[in-house]
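The values are calculated or read from the model by the stated rules, or taken from the named source; none is laboratory data. Predicted model, so just to flag it, every value in this text is computed and none were measured. Because the Cβ atoms are built from the backbone with ideal geometry, glycine has one as well, and the counts that use them run over all protein chains shown.
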Amino acid sequence: MPEREDGAQDFETRQIHAGAIVDAQTRSRVTPIYQTAGYVFSDFDDGEDRFAGRSAFRAYSRNENPTNAVAGQRLANLEGGVDGIVVSSGQAAIAATLFALAQAGDHILATRSLYEGTREMFRGALRRQGLDVEYVADDADEAEWASRVTPRTKAIYTETIPNPLGQVVDLERLAGIAHRAGVPLVVDSTVATPYLCRPIEWGADIVIHSTSKWLAGHGAVIGGAVIDGGRFDWRANAERFPHLVEPPRAGAESYVDRFGAAAFLGYLRTVTVLEYGPTVPPTSTFLLLHGVETLSVRMDRHVDTSLAVAEWLTEQPAVAAVAYPGLSDSVFYERAQKYLPRGAGAVVSIDLAGGREAARRFIDALELISPMTHIGDVRTLAIHLGSTIHAKLTEEERLDAGITPGLVRLSIGLESLRDIRADLERGLRAAG
């Protein structure tokens, strides 16, 4: 195969090597676990330089350590961003991002089709802390979006493939709307992973992941990540983001001057994450790095099996509907072909014709598939949404969100297609 003219490496290579370090003392090929709270200063001046940010070395592990830094750089590389950081969970990544963009009294616009755990945080903890989140229909026209923007609006927030119904979002269009409004587009791309879709290439400014899912891939660790695309012009929108553009104190550089294209991530790391402390243990990040090394191989298998399962489920009489954007008759199929040419993810949701009681019988009959709340595992998982993740909503609110009484979410794992289908058949027979 000829060498690439641009000298860049392919995704499959970068998922193994990007950001990697060789330990100076042992020459370890695998990135070590730096299980330490702090770092010894060489002398008085070294300590001063580390705290001032003039040193390449760290002062403390609350906002980063060498193991975690490798993961942040690798994910930024895979997404096409300029910098990244790993934190304690996907929820922590969302909260830290919005706290770094906005303050009490500010306003966030979001698409309606979001994961319920995110919506719960928006209407709960973030609202109590003074952030107002307003929802707009995903495909509302530009005039509708523009009419909702106020001087206090600090971001548009969306998901690449919303969980659980897979309504593929038009990222390129939303990016244009956000930039004309003078705010960044923030995208949770957990379900897509950077292997299936890289939102920055479609105009997104900040990408968020729950690394607990397909990136780590084995259901063993909790974590999150934030990647800065490095393209948003903070200086041109200084009135909305003075904390990034103006010096934080007399004699200091602004974050734009200090970090350049990575100004947002610089602020997130040195202020928001440092002060709130959503630190992920390097032991967890070590497992994340091993998961990322096989991401492309796993995702190819995940999406192939998911499509086969979804197509088979459409033929089952106990199933009233199947939500998977990779199906040719999905209303999101054409959009999935644009944004997700390698596959439409591994979440397949089914609406059982017999409603809640059919879902109960289905879940209780499964033997191979694990009934639990999680996605992105090597194991196939199933959960009834109305009685768990969406249980706090009223019946009217659930139906408005598309959560019908018989809705079951499947996260398709890496078992054989034959064995997955056999267990689904067992559940469907019980569901009637």
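Residues in the stretch 245-272 that are outside any loop (DSSP other than H, G, I, E, B) and among the polar types (S, T, N, Q): 2 in all.
Within the bounds of the stretch 334-344, is there any residue that is in contact with a strand residue (DSSP E or B) (Cβ under 8 Å, 6 or more places away or on another chain), on the phi < 0 side of the Ramachandran plot and assigned to a loop (DSSP other than H, G, I, E, B)? Reasoning before the result, please.
To start, the set of residues in the stretch 334-344 that are in contact with a strand residue (DSSP E or B) (Cβ under 8 Å, 6 or more places away or on another chain) comprises none.
No - not one qualifying residue is present in the stretch 334-344.
Which numbered condition trips up Ala359, out of (1) surrounded by 20 or more Cβ atoms within 10 Å (Cβ to Cβ); (2) within 20 Å of the chain's Cα centre (by Cα); (3) within 24 Å of Arg409 (Cα to Cα)? Going through the list (1) surrounded by 20 or more Cβ atoms within 10 Å (Cβ to Cβ); (2) within 20 Å of the chain's Cα centre (by Cα); (3) within 24 Å of Arg409 (Cα to Cα), Ala359 breaks only (2).
Does Ser147 meet the test of being surrounded by 17 or more Cβ atoms within 10 Å (Cβ to Cβ) and hydroxyl-bearing (Ser, Thr, Tyr)? Don't jump to the end; show me each part of the working.
Details: surrounded by 17 or more Cβ atoms within 10 Å (Cβ to Cβ): no; hydroxyl-bearing (Ser, Thr, Tyr): yes.
No; evaluated as a whole, the condition is false for this residue.
Wholly within the stretch 151-242, which strands (runs of 3 or more DSSP E) include no fewer than the required count, namely at least 3 residues that are in contact (Cβ under 8 Å) with a residue 12 or more places away in the chain and more than 30 Å from Leu289 (Cβ to Cβ)? Spell out the reasoning first.
Values: elements: 153-159, 185-188, 206-210, 224-228.
Counting at least 3 such residues, we get 153-159.
Listed conditions (1) in contact with a Lys or Arg (Cβ under 9 Å, 6 or more places away or on another chain); (2) without any contact (Cβ under 8 Å) to a residue 60 or more places away in the chain; (3) not charged (D, E, K, R) are all met by His374, apart from (2). If you go through the stretch 166-208 one residue at a time, how many are among the aromatic types (Phe, Trp, Tyr) and within 28 Å of Ile350 (Cα to Cα)? Of the residues in the stretch 166-208, 1 are among the aromatic types (Phe, Trp, Tyr) and within 28 Å of Ile350 (Cα to Cα).
Under the condition of being under 21 Å from Gly260 (Cα atoms) and not in a helix (DSSP H, G or I), the residues counted in the stretch 68-95 number 7.
Report whether or not Ile108 is crowded, with 22+ Cβ neighbours inside 10 Å and over 29 Å from Gln15 (Cβ atoms). The answer is yes for Ile108. Looking at the stretch 50-66, can you tell me whether even one residue there is out of contact with any helix residue (DSSP H, G or I) (no Cβ under 9 Å at 6 or more places or on another chain), of a type in the set (D, E, K, R) and part of a helix (DSSP H, G or I)? Yes: one or more hits. Any residue at all in the stretch 179-187 that is within 13 Å of the chain's Cα centre (by Cα), crowded, with 24+ Cβ neighbours inside 10 Å and either of a type in the set (Ser, Thr, Tyr) or not assigned by TED's automatic domain parsing to the domain that holds Tyr324 (or both)? Taking every residue of the stretch 179-187 in turn, at least one turns out to be within 13 Å of the chain's Cα centre (by Cα), crowded, with 24+ Cβ neighbours inside 10 Å and either of a type in the set (Ser, Thr, Tyr) or not assigned by TED's automatic domain parsing to the domain that holds Tyr324 (or both).
Which of the residues that make up the stretch 96-124 are acidic (Asp, Glu) and either in contact with an Asp or Glu (Cβ under 6 Å, 6 or more places away or on another chain) or part of a helix (DSSP H, G or I) (or both)? Quick ask: steps written out before the conclusion?
Filtering the stretch 96-124 for residues acidic (Asp, Glu) gives 106, 116, 120.
Selection gives Glu116, Glu120.
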